[in-house]
Structures are given as C-alpha cells and as structure tokens.
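Before any comments, here is the structure.
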Amino acid sequence: MTDHAANADRTAPSLPVIWLLGKTGAGKSSLVRALTGLDAIALGSGFAPCTRSADIFDFPQDRPLMRFLDTRGLGEAGYDAAEDLAQCEARSHAILAMARLDDPAQSDLEAALREVRRRRPGIRIIVLHTAAAELPEPQARFRARAATQARLEKAAGGALPGLEMSLGEDETQGLDALCDLLGETMPEVALLLGREARDGDGFDAVRREVLRYAGAAAAADLAPLVGMAAVPGVQAAMLRRLAQHHHVDWNRARAAEFAAALGLGAALRYGVGYALRQAAKLVPVAGQTLGAAAAGAASFAATYALGRAAHRWLAGQASGAPVPEAELRALYRDALKRAARR
C-alpha cells in the first residue's frame, strides 16, 4: 500500500467506500467526475495506487468523507479480489459493477462478482449499464441489458438492482437514481454528493462540515455508554461551528431559543429513543452489534438533521429574517428522513 493510502487509512479508518468494478472503458472515471463535479485534471492527480490491482480516490481530498476504489486489474490473469475487499472494510460500502451495453464479454466481471459474494455475501452490489449511446436502437439496448444483467445476477447468486446510465462529457443521465440506491445503505454518501433539493439557503457551503460531525457522532455511538456522553458533545460543537460560520453569537439563551423553535416534542422523542438504544447496546452479543449499529445510524441521522435545521435558523438570525417554526420543523423532519435511509 502506498504512503498516500496508509495515511488515508490512519486519518479516516471508517470512510464509506464505493468500489468501481469493471473493465477498462466501462466509464469508471467518467462516473467519478459526474458524482464529484471534479474535472479530469483534479481526478487524475487525486487517484493513488492502493493495492496491486486498484487505485483509491478520497473525496474531498483535504478532509475525506468517502472513498472510491477503482479496480484497474480486472481482466488480468490471476486477479484476486482479496486485497481490494480488504479496502472495503468500512462502516458502509457498495460495489458498482459497471458493464458497457455494447460489450457482451463480461466474464472477468462475472468471475470477480462470484469471488466477492463468496468472501463477503452481504456486500451491496449495483449494476450500471453504460455506453447506451453506442446502441441507439431501443430493442437492441433492451436485449443487451437483460442478457448482461442475467449473467451478473447469476454470478452474484441473486437479484441485483440495475441502472442504465449515460456518461457523456456534457450531460449524465441516471445520477439521481444511482444516488437514491446508494442512499438506501450509504445515506452519508448520497447527502455528500448533493442529491438534495436546492432551496437557495446556502447549505452547500456547510454540508461537508455537518456531515463530518454526523459521522463523528455515529462513530462515537458504536460502544456502550460512550455515545451517551460523546454524541451531545459532538452536536454542541457542530452548533457552535455553524454559529461561527454565520457570525452569530452562540450562548445559552440563543441555544434555548433554537431548541424552542425546533420543538421540544421532537427533542424528547429523539431523547427517549436514544436512551432505549443505549440500553439495547448493553445486551450481550446481539445488543452490542445490532443495538450499536442502530444507535450509530440514529445519531448520524439526528446530528445531520440538527445541523441542517440549525443552518437555516442561524441564517435567518444573521439576516434579521427569522424562520417560521413550522418551516424549521418540517426541514428537520425531512433531513432526518433523508439521513436515516439505511
């Protein structure tokens, strides 16, 4: 493993990983450009060797929140997925199996999926059918997609979600549908990639910061009792940071005002559920795995929703245009729902 990869692992050991699995020319680099909004130069300089058969790209590079793993060795004799699978040891992950519609020869991808399923039977796999423009006739495209999908599902040992994507220089089709699928198991990734309605309140400027705090809250909540003290501290730090961003003085009075605007009922409902989840983590074996996972997911979602609502409220305070309570509470509920999809 390179120094770049080793450093990334030390500083961000639980990054969610999207593994791009496909032959050269399947559109992997084009997909990463479309998802991140980066140009070819930034992307080319950002990828670094990670294993003997794969490169990694951390995004954003300055303070990463997610990782792309690009398998460059697929099709080489003796390809072994073991090293690449080790890079997917994160709190959430998914494989994007990419196949061109005009290329029926996908035996290497099939073999890789069989090996992946053998080693990690529960890993999330999404099939992306690319290069649709090369088969403009609808029936030919339908037949090619159905045949490839059937072969890949047979290799993976079960049904797989599949999408048809067009990865052009000027326009990309299918990104929203892909982010919806990723959001089912990796909500932080879907939120980071910006698949959220734009409402002009400037949240994009702080989205990554809020996601960092949400991720920290989730990580703190994986051990019994630790999250009970750590998560509120993470959330308080996030609120102070957002207040600084908006040049608003954050004190007890203002915190109480925000809590009142958000609604005590929502806070109490979360608090009761949170206490129950903490208690569940103390149950031997099952509670310490399933309970911890549920608590981490809930803390991620609640912290993200809190940050989303706080940004809107603080922006209103800074501009002298207070946000109506009903609007603020609706925004919190919507953000909670988006972030809780797992």
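Tabulated values for the structure
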quantity	calculated
Conditions (1) of a type outside the set (Ser, Thr, Tyr); (2) in contact (Cβ under 8 Å) with a residue 60 or more places away in the chain; (3) in contact with an Asp or Glu (Cβ under 8 Å, 6 or more places away or on another chain); number of the one not met by residue 72	(2)
Residue 208 being open to solvent by 20 Å² or more (accessible area, probe 1.4 Å), at pLDDT 85 or above and in a helix (DSSP H, G or I)	no
Of the criteria (1) at pLDDT 90 or above; (2) farther than 21 Å from residue 206 by Cα; (3) open to solvent by less than 60 Å² (accessible area, probe 1.4 Å), which one residue 275 fails	(1)
Of the criteria (1) surrounded by fewer than 23 Cβ atoms within 10 Å (Cβ to Cβ); (2) outside any strand (DSSP E or B), which one residue 31 fails	(1)
Of all residues in region 93-142 being among the hydrophobic types (A, V, I, L, M, F, W, C) and assigned to a loop (DSSP other than H, G, I, E, B), the one that is most open to solvent (accessible area, probe 1.4 Å)	105
Pairs with Cβ under 6 Å, 6+ apart, first in region 323-342 and closer than 10 Å to residue 263 by Cβ and of a type in the set (Lys, Arg), second open to solvent by less than 60 Å² (accessible area, probe 1.4 Å) and part of a loop (DSSP other than H, G, I, E, B)	329/263
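The values are calculated or read from the model by the stated rules, or taken from the named source; none is laboratory data. Bear in mind that the values here come from a model prediction, so they are computed numbers and not experimental data. Note: ideal-geometry Cβ built from the backbone for every residue, glycine included; neighbour counts use all protein chains shown. Surface accessibility is based on the protein's heavy atoms, side chains included, excluding ligands, DNA and RNA. Shrake-Rupley method; radii C 1.70, N 1.55, O 1.52, S 1.80 Å.
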